[in-house]
Amino acid sequence: MQEQQLLERITINPDIFGGKPIIRGRRLAVEHILGMLAAGDSVETLLEGYPWLEQEDIQACLVYAHRLIGHERVEPLLIEA
């Protein structure tokens, strides 16, 4: 899957977590996934803990963070309330 397709999994909804980037419109913030990975949790642990989560969602979080750190423009899909 290409980076742009992965980034389409990251959305922003002003009504969820104050507009923080989330995964596919669900109540799971990109920040939370990155924090769990940084704490040493494995991809498998994340997938077990969130049965609806897909490996591509985790990869999308990493692409999002990479682009953000690289000072590239990241435009997650805005979901209007």
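The values are calculated or read from the model by the stated rules, or taken from the named source; none is laboratory data. Because the structure is predicted, anything quoted here is derived from the model rather than measured. Cβ atoms come from the backbone with ideal geometry, glycine included; neighbour counts cover every protein chain shown. Calculation scope for accessible area: heavy atoms of the full protein, side chains included, ligands and nucleic acids excluded. Shrake-Rupley method; radii C 1.70, N 1.55, O 1.52, S 1.80 Å.
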Carbon/sulfur accessible area of the chain, % of total, 1.4 Å probe, equals 51 percent
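Within the set of other residues whose C-beta is less than 13 Å from the C-beta of LEU37, count the net charge using Lys and Arg as +1 and Asp and Glu as -1. Don't skip to the answer; put the middle values down first.
Values: positive: none; negative: GLU31, ASP41, GLU44, ASP57.
Once all neighbours under 13 Å are counted, the net charge is -4.
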As I understand it, the dipole of the chain uses +1 on the Cβ of Lys and Arg and -1 on the Cβ of Asp and Glu, about the Cα centre. Which of LEU37, GLN59, HIS71 lies farthest toward its positive end? HIS71
Taking the Cα centre of the chain as origin, work out the dipole magnitude from +1 charges on Lys and Arg Cβ and -1 charges on Asp and Glu Cβ, in debye rounded to 20. 200 debye
Just round it to a whole percent: the fraction of Cα-Cα distances in the chain exceeding 20 Å. 28 percent
Grab the beta carbon distance between LEU47 and ASP15, set R0 = 22 Å, and tell me the FRET efficiency rounded to 0.05. 0.25
For labels at ARG26 and HIS66 in the simple 7 Å Cα→Cβ model, what's the distance in nm? 2.2 nm
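I need the peptides 40-49, 27-36 ranked by packing, meaning the mean over residues of other C-beta atoms within 10 angstrom, with the highest value on top.
Values: 40-49: 12.1, 27-36: 17.1.
Output ranking for 40-49, 27-36: 27-36, 40-49.
Leaving out ligands and nucleic acids, note down the accessible area per residue over the chain with a 1.4 angstrom probe, in whole Å². Intermediate values should be presented prior to the final figure.
Details: 5170 Å² over 81 residues.
Accessible area per residue, the chain: 64 Å².
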